[in-house]
Structures are given as structure tokens and as C-alpha cells.
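The values are calculated or read from the model by the stated rules, or taken from the named source; none is laboratory data. All values reported here derive from a predicted model rather than from experimental measurement. Glycine gets a Cβ as well: all are built from the backbone with ideal geometry, and neighbour counts include every protein chain shown. Keep in mind that these areas ignore ligands, DNA and RNA; they rest on the heavy atoms of the full protein, side chains included. Shrake-Rupley method; radii C 1.70, N 1.55, O 1.52, S 1.80 Å.
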Amino acid sequence: MQDYYAARAAEYDRIYAKPERQPDLRDMEAWLPGVFADRQVLEVACGTGYWTQFYAPATAGVVALDGAVETLRIAERRLPDAPVRWLQGDAYSLPVADRAFDGAFAGFWWSHIPLERIDAFLQGLHRTLKPGARVVFIDNLYVPGSSTPIAEQDSAGNTWQLRRLDDGSTHRVLKNFPSREALLAAVAPHARISDYRAWTHFWALSYSLAG
Ligand SMILES: C[S@@+](CC[C@H](N)C(=O)[O-])C[C@H]1O[C@@H](n2cnc3c(N)ncnc32)[C@H](O)[C@@H]1O
């Protein structure tokens, strides 16, 4: 997965140019800053910083982590003056202190977590957060004709796509499309209030971490 995103870094932001997704994107971009106003936010799998650019100016500070230096370099260039510390690291072993943040954000990351690793990922993320921290995940809904078709489903229930890059290489990429019920059930053991929103092409799960 990380090799795929390292190779895709330069062409990554094209995904945000799909015409049919523009109204949803504008709405989500306007919504996020209010959620994280004045909070110390940990962003996991920040990629090229597409989402960071909208909410970071409203925060008290952001640590934005990604596994790929290639995407982090683009993010740094995009936001030279934002209150963001860019960090290379592994989402499953977050290299930050316990209880350091009162906000957490991950865009288009949940869909890439193997189903069998979701709970361990959430436990690792929550370790870095203070009680009451606000957490937001956003990701894709599967929309026929707009989404890349699902090529296969494995025995654990994970779904996989075949994606082609400009250099002609083809990559088998994990991409899950969880239901509202599955998302709420995954965070229920950890969350105080949880909320699910859906647009035409995207979903957002937000909750406050239990104390
Ligand atoms: C779909 S992209 C999302 C990027 C960005 N959040 C966005 O919404 O535009 C997934 C990102 O996860 C990163 N990634 C993949 N595996 C990772 C891991 N184990 N730890 C940290 N980042 C990882 C990739 O480098 C890539 O930037």
C-alpha cells in the first residue's frame, strides 16, 4: 500500500478533480474547520495534505503523519506557513506521546485498514488522545460509475481494487466500503457520542472519545 501511494504521490490530487464530487467536497471542506477549532490535532495518513489545508489554520496545531515521504513533501510545499508538523511514521504504531491531542482526523484511511486490524488501529490512535477528544474519519461511499470497481473480496471480507498509474503499473489495493452500522459498531466501545453523515460520494464518522 505504501509503495503504491509513494508511486502515486504526484498524481494523487487528481482524485479531487472528479467533477461529480465537487459539491460534496466543498461542503466537507467548509464543515471540517469548525470541528477542530482551537484543538491540537493528530492527522493520520495525511497524504498530500489536501484536507489539512482546510482545517489546520483553525487549530491550535497539527501533527500530520504519513508513511510516504513522497506525499509528505507535496504536503509541506502546499502548506509552508500552516501550524503543522509533518511526520513520517506508521499509522499502526504512532510515534507520538500518549494523551497529547484533543483532536484526530483521517481522510480516506479507514477504507485501507484491513477489517481485522481496525480495533487495534483505533486503540493505538485513542492512546494518543485526551478524554473527550474529537475524532473524525471521512471516506468514500461506493458509487457505481464513479468509484473504481471492486475486483475481489477476500476470506476476511476485505474488498480489493485494481488501480492503474500513469507509468502503466497496476496495483491491487485494499479498499473497504463500510456501512453506517459497521462504522458505529466499531467505535461504540470507545466513543461517547457518535455521528454518521453521508453525502452523495462520501461519509463522515465523528465522535468524542470516552473519558
Ligand atoms: C488514500 S491516501 C489518503 C491521503 C489523504 N489523507 C487524503 O485524504 O487525501 C492514504 C494514505 O495513507 C498512507 N499510508 C499507507 N499506509 C500507511 C501506514 N501504515 N502508515 C501511515 N500512512 C500510511 C499513504 O502513503 C497515503 O498517503
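Please verify whether the stretch 139-153 includes one or more residues that are of a type in the set (Val, Ile, Thr) and part of a strand (DSSP E or B).
To start, the set of residues in the stretch 139-153 that are of a type in the set (Val, Ile, Thr) comprises 143, 148, 150.
Narrowing the set further to residues that are part of a strand (DSSP E or B) leaves none.
No, because not a single residue in the stretch 139-153 is of a type in the set (Val, Ile, Thr) and part of a strand (DSSP E or B).
Quick one: which of Ala60, Ala64 is closer than 16 Å to Gly103 by Cβ, in contact with a Ser or Thr (Cβ under 7 Å, 6 or more places away or on another chain) and without any contact (Cβ under 8 Å) to a residue 60 or more places away in the chain? Walk me through it before giving the result.
Working: Ala60 fails: in contact with a Ser or Thr (Cβ under 7 Å, 6 or more places away or on another chain).
Exactly one residue qualifies, and that residue is Ala64.
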Restricting to the stretch 162-189, count the residues that are assigned to a loop (DSSP other than H, G, I, E, B) and either open to solvent by less than 30 Å² (accessible area, probe 1.4 Å) or aliphatic (A, V, I, L, M) (or both). 5
Flag if Val62 is farther than 16 Å from Phe137 by Cα, at pLDDT 95 or above and either aliphatic (A, V, I, L, M) or within 14 Å of the chain's Cα centre (by Cα) (or both): no
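Scanning the stretch 9-18 for residues that are more than 19 Å from Phe54 (Cα to Cα) and either out of contact with any Leu (no Cβ under 8 Å at 6 or more places or on another chain) or within 8 Å of the ligand (Cβ to nearest atom) (or both), which turns out most open to solvent (accessible area, probe 1.4 Å)?
Of all residues in the stretch 9-18, those more than 19 Å from Phe54 (Cα to Cα) come to 9-11.
With the extra rule that they be either out of contact with any Leu (no Cβ under 8 Å at 6 or more places or on another chain) or within 8 Å of the ligand (Cβ to nearest atom) (or both), the set shrinks to 9-10.
On the way: Ala9: 8, Ala10: 101 Å².
Per the criteria, the residue is Ala10.
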Helices (runs of 4 or more DSSP H) completely within the stretch 19-110 that count 2 or more residues being more than 9 Å from the ligand (Cβ to nearest atom) and buried (at least 22 other Cβ atoms within 10 Å of the Cβ): none
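Out of the stretch 111-136, which residues are among the aliphatic types (A, V, I, L, M), open to solvent by 10 Å² or more (accessible area, probe 1.4 Å) and farther than 19 Å from Leu209 by Cα?
Narrowing the stretch 111-136 to residues among the aliphatic types (A, V, I, L, M): 113, 115, 118, 120, 122, 125, 129, 133, 135-136.
Next, only the ones that are open to solvent by 10 Å² or more (accessible area, probe 1.4 Å) stay: 115, 118, 120.
If the condition is that a residue be among the aliphatic types (A, V, I, L, M), open to solvent by 10 Å² or more (accessible area, probe 1.4 Å) and farther than 19 Å from Leu209 by Cα, then Leu115 is the only one that fits.
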Within the bounds of the stretch 10-24, is there any residue that is in contact with a helix residue (DSSP H, G or I) (Cβ under 6 Å, 6 or more places away or on another chain) and either within 23 Å of Leu122 (Cα to Cα) or of a type in the set (Asp, Glu) (or both)? no
